[in-house]
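Remarks on the structure that follows.
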Amino acid sequence: MLRMVQCVKLKQELPGLDRPPIPGELGKRVFENVSKQAWKMFEDHFKMVMNEYRLNLMDPRTDEIFKQQVMEFLFGDRNNKPENFVEPK
C-alpha cells in the first residue's frame, strides 16, 4: 500500500518515502513529513552543494553541513545555493 504524507516542502499530499533516509530524529522527521519527490529534489540540491564546496564525504564536518542543508532545504522557507553559484546553461 502506498504511504502518503503531507509534504512540508511541496505543500501537498504525495507518496512518502519507504523508510527513513537517514538515521536518528532528523531521519524520522523527514520520513514523516517529506515526500519522495521532495527528497529527490534535496538529493539533487545536495549534490550541487557537494560539488560547489568540494566536500569530502569522509570528513565529519560534511555530516553537519548535510544536516544543515536538510533543515534549510526541506523545512526552511528558502533554497540556499552556494555563494557565487552559477546555474549551468
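Brief remarks on what is shown
- Of (i) 12.8, 41; (ii) 15.5, 57; (iii) 13.6, 44, the label for Rg and Dmax of the Cα atoms in Å derived from the coordinates: (iii)
- Mean separation of Cα contacts under 8 Å (6+ apart) over length of the chain, as relative contact order %: 23 percent
- Net charge dipole, segment 4-75: roughly 120 debye, given to the nearest 20, about the Cα centre with Cβ charges of +1 for Lys and Arg and -1 for Asp and Glu.
All of the numbers you see were taken from the coordinates with simple rules; none came from a lab. Values in this document were obtained by computation on a predicted structure and should not be read as measured data. All Cβ positions, glycine included, derive from the backbone under ideal geometry; neighbour counts span all protein chains shown.
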